[in-house]
1. Tell me the chymotrypsin sites (Phe, Trp or Tyr not before Pro) within chain A that lie in a loop according to DSSP and have at most 14 other beta-carbon atoms within 10 Å.
2. Can you tell me the accessible area per residue over chain A, all protein chains present, probe 1.4 angstrom, in square angstrom?
3. When Cβ neighbours within 10 Å are restricted to other protein chains, what is their mean count per residue of peptide B:86-92?
4. What is the gain in length, in nm to one decimal, between A:Tyr50 and A:Phe12 on full extension, counting 0.36 nm per residue of separation less the C-alpha to C-alpha distance?
5. Which of the helices in chain A, when you take each full DSSP H run, stretch at least 18 Å along the axis at their Cα atoms and have an average Kyte-Doolittle score of 1.0 or higher?
6. Over all distinct Cα pairs, what is the inverse of the mean 1/r for chain A, reported as the Kirkwood hydrodynamic radius in Å?
7. Am I reading the B/A interface right? What is its buried accessible area, both sides, 1.4 Å probe, to the nearest 100 Å²?
8. Is there a simple number for the mean count of other chain Cβ atoms within 10 Å of the Cβ of residues in B:47-53, and what is it?
Amino acid sequence: MLEPAPRDAVLFVAVVGLSTLLLLVASDLVLTLQRRLPVGSWVTQWARRYPAFALALTLVAGGLFGHFYFATP
Amino acid sequence: MAEFESSADSGTPTPSSRREGVARWVSIGLLSAAGLILVWAMISAVSYTVAHTSPPCSNPPRLDSDPPQLAVVSLGLMAFALGHLTARWQAVDPKHVRRRTRASSIPPENDRRRRDALVIQALLLAFLLEMLGLLIIEIVTLSRGVWPITFYVRCAYDAAGWQSTLAAAAVLFLVGRWFWLPRRRWHARTGS
């Protein structure tokens, strides 16, 4: 049976993981309030410029999200 | 986008400009809500972890909780689609979508658009490096017999089902907003 990880490791992952997301949310909020191109537009421009990289990253990110969130017996 | 689409003679906003104004404020409201939910989730996780020595669920975490998994997945999919729609309907100031030309008179150090792009690309790079870090942590923990991140997500769902569902929906709203690419004709929609 697997054992829970050390407390410091859990705190590190929770704080770093959510803080990065919050930083991106704050950026998107500021860009939207100022009527400038939002984060999604920059991602779109990058993905249209490098479609192979975008596809590879999509597969990795999609796999990770499915792995973390989709609990099966 | 009233100031970009007012009729030239009367200054009255058109129905289209009002719709885009509503879309923009809906974006701002939902982004704020997603941010607040993530802050709430982070504070809850950190405060529990600091105050207790064991996780708030069984080992291994149960797979059934309230709300049921089908409801969680449905809410997540709706949030994902909503994120895409808010980004798609959101209009931007036309002056920020000018294409750069070779003869541009703005020096690179004074070009605000270029600075914006650098900041956003740096943030995205950090986000992608973090995904890589999470993947490595998942591999290392599993190989050493320690709970992987997956188990902590399941534990959160087991111990606080609705709060975890809201946090998952907030994350998926952001993913839909940032990573679901619009069709070409919708990209960089301006108020003009």
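The values are calculated or read from the model by the stated rules, or taken from the named source; none is laboratory data. Every value quoted in this text rests on a predicted model; they were computed, and no experiment measured them. Every residue, glycine among them, receives a Cβ derived from its backbone with ideal geometry; neighbour counts consider all protein chains shown. Heavy atoms of the whole protein, side chains included, go into the accessibility calculation; ligands, DNA and RNA do not. Shrake-Rupley method; radii C 1.70, N 1.55, O 1.52, S 1.80 Å.
1. Sparse-neighbourhood loop chymotrypsin sites (Phe, Trp or Tyr not before Pro): A:Phe70.
2. It amounts to 55 Å² per residue over chain A.
3. Across the residues of B:86-92, the mean count of other-chain Cβ atoms within 10 Å is 4.
4. Stretched out fully, the A:Tyr50 to A:Phe12 stretch lengthens by 10.5 nm.
5. A:7-33, A:51-69
6. For chain A, the Kirkwood estimate is 15.3 Å.
7. The B and A chains share an interface burying roughly 5900 Å².
8. Across the residues of B:47-53, the mean count of other-chain Cβ atoms within 10 Å is 2.
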